[in-house]
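Just below is one structure, and these are the notes that go with it.
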Amino acid sequence: MNYRVALLGLLLLPWAANSKPLTNLDQDEGVIPWLTQQYKEYWLNEDIHRTEDANKKYLTKAMLAKVYRASNVVDANLMTRSQDVTSYAAQSVTCRHLDGNWYAVSWRFSPDGSLTDIPVRVVGTEGNYRISYVTPFWGGTKYGDSLFEISRQPVDQESTAEHFVRSFYERYLSAYILMPDTLEQELSHLRSAYCAEPVLQAFDKKRETMQRMDGVPFYDLLVGESDFDAFWKDSFKIRPVDDRTFEVSYDIFKDGQAPEVCFRVQVGKNDGKYLIEKISENRNTPSTNGGNVCTFTVEDSQLYDYQPEFADNVKLICLHFLKWPEGYPSEQPLSAEVRFTIGPDGKITDVVPEADSPAVKQEMERMFSSLPKALPAWQDGKAVASSCVVRLNLSKSEWDQCQRKETEADSRPVYVDPELPAHPSDGLEAFQNYLSTLMPEKSSGKLLYSFVVKKDGRMSEITCVRNSTKNPDLEKKVTESLTKMSEKFRWHPASANFVFVESKFSIPITLK
């Protein structure tokens, strides 16, 4: 059974301590022209540097931090709900009063473009207005102070493990929703008080990795994102898995276009009080009919710089290698939980299946013991063993459909290129961002490099195939940087027929 965390209670508003409510005169005569002017001159201006200046000048301190956290979640400007703007955008902007301190800012990308309507909250007095909240695009046109009604009850460490997890998250998420100026300090205090040392170390390591790879300095392991927004609180759920393990999930976007955030929290006791001891990532794959799922969980996932990976979608791999147990009812979903180890060499060992049917249990043991090698977890540049769990709930119709598709594919021509090309595990942009931190300073020009992505995800045979700079010393430095990077940065190798294969990759490098 799913339980929703109760996030209502004592009314506390993030602007109550350091902001003044607006008077009717402010609402009628002051804010609308001020808000219109700022959006025209700054946020809907094509000069991004002016936008950054406006963020610092016209947002409250708490909202300024919120903009950067939330922008990491959606890779877009929270103030405009877009990645870029046009010269027409500033001309089209209009503002109107909604209710209380709430206003709507509207603009269009082009004369025939759709209208973007953004509720914002303004606090302060004439000559010193500040924006204290902007409804993100996942909130649509909703607004209101009721968004920030939140409980601040003490964390219960003594009654039951479930009460502890629920009360901890009520308190932890309330800080994100209320957005105090001291948010980072408050969250840090809560982590120190209610998390075991391995979780604190994992938090720091995950944030450091995200900063290096993606330039994301705000990532929070305890919420699985860089931010938690008021509009997500209604979807927040905690589901007990066993006496000490709980699945935490919530929906980021209300339109259903983005997957939910989902992870597991495991608690233990120290001196009679509960603490969070582990956080593990869940990877959910919905079925084609929207009902069944395949969940891949990595135990102690917070310890690794890179998680173990399979050569393809875990559910597709299971459907491909599964043999439907003889005599097992076709109308009954095949359900099982399989625990196993992915060794440093990628081999799957220590397979322990759990299932109601002996036939299913036997098939799970056979299937997982015969799967191709996976890509092992990495820690500090080295492959390490990891404990994993796959939970299956597959229908016979899905399995039949997969078999038909594979039979049809067998009659098609065979291509030399891999089905799934190699790609950086953290994305090409993260690869380029990390590479830029290793590049020589005060250098310019273009180079083209090629290298082999091996089956273990490492780069090898790094070669410069074109150097427009005609500078051999610079080429040597760039090659050294790529070689150094290959020791820490992992690729997802190319794959074909669910097996990792070596492949060549070329990438242009522009130095500025």
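The values are calculated or read from the model by the stated rules, or taken from the named source; none is laboratory data. Worth saying up front: this structure is predicted, and the values here are computed from it rather than measured. Glycine also receives a Cβ, built like all others from the backbone with ideal geometry; neighbour counts cover every protein chain displayed. SASA here: full protein model, heavy atoms, side chains in, ligands and nucleic acids out. Shrake-Rupley method; radii C 1.70, N 1.55, O 1.52, S 1.80 Å.
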Original post:
Relative contact order of the chain: what whole-number percent is it, with Cα pairs under 8 angstrom and at least 6 residues apart?
Top reply: 11
Original post:
Sorted by average packing, counted as other Cβ atoms within 10 angstrom per residue and highest first, what order do 481-487, 108-114, 454-460 take?
Top reply: 454-460, 481-487, 108-114
**OP:** Using only the Cα atoms of segment 37-92, build the gyration tensor, take square roots of its eigenvalues as a ≥ b ≥ c, and label the shape rounded, prolate or oblate: rounded if a/c is under 1.5, else prolate if a/b is larger than b/c, else oblate.
**Re:** oblate
**OP:** Counting only heavy atoms of the protein chains, get the accessible area per residue of segment 177-268 (1.4 Å probe) and round it to a whole Å² value.
**Re:** 39
Original post:
If you take the square roots of the eigenvalues of the alpha-carbon gyration tensor of segment 150-191 and sort them as a ≥ b ≥ c, do you get rounded (a/c under 1.5), prolate (a/b over b/c) or oblate?
Top reply: prolate
Original post:
Where the Cα atoms of segment 28-161 are projected onto their three principal axes, how long is each span, largest first, in whole Å?
Top reply: 60, 33, 27
Subject >> Accessible-area composition of the chain, carbon plus sulfur, in percent [1.4 Å probe] >> reply: 49
**OP:** Highest first, please rank the peptides 437-446, 189-198 by the mean number of other Cβ atoms sitting within 10 Å of their residues.
**Re:** 189-198, 437-446
Subject >> Alpha-carbon centroids, segment 67-137 and segment 303-371: separation in whole Å >> reply: 48
Original post:
Hey, which of these cross-link pairs are over 31 Å Cα-Cα: 61/484; 237/273; 233/273; 56/476?
Top reply: 61/484; 56/476
Subject >> Selection of GluC sites (Glu not before Pro), segment 107-177, meeting DSSP coil and at most 14 other Cβ within 10 Å >> reply: 126, 158
Subject >> Stretch gain in nm, segment residue 181-residue 452, where the contour uses 0.36 nm per residue and the Cα spacing is subtracted >> reply: 92.8 nm
Original post:
Per the helix-only calculation at 222 nm, which mean residue ellipticity applies to the chain, given -39500 (n - 2.57) for every DSSP H run of n ≥ 4 and division by its residues, nearest 500 deg cm²/dmol?
Top reply: -9000 deg cm²/dmol
Subject >> Prolate/oblate/rounded call for the chain, Cα gyration tensor, a/c under 1.5 rounded >> reply: oblate
**OP:** Could you pull out every one of the lysines with an alpha carbon less than 27 Å from that of residue 396, ignoring same-chain neighbours closer than 8 positions?
**Re:** 315, 323, 361, 373, 405
Original post:
Under a 1.4 Å probe, what is the accessible area of segment 32-142 per residue, stated in Å²?
Top reply: 44
Subject >> Under 27 Å from the Cα of residue 57 - lysines, other chains or at least 8 residues apart >> reply: 20, 40, 66, 142
Original post:
What are the ³J(HN,Hα) values, in whole Hz, obtained from phi via the Karplus relation 6.51 cos²θ - 1.76 cosθ + 1.60 with θ = phi - 60°, for each residue of segment 222-236 in sequence order, with x given for Gly and Pro?
Top reply: 6, 10, x, 7, 8, 7, 9, 9, 4, 6, 8, 5, 5, 8, 5
Original post:
Measuring with a 1.4 Å probe in the full set of protein chains, what accessible area per residue, in whole Å², belongs to segment 349-486?
Top reply: 58
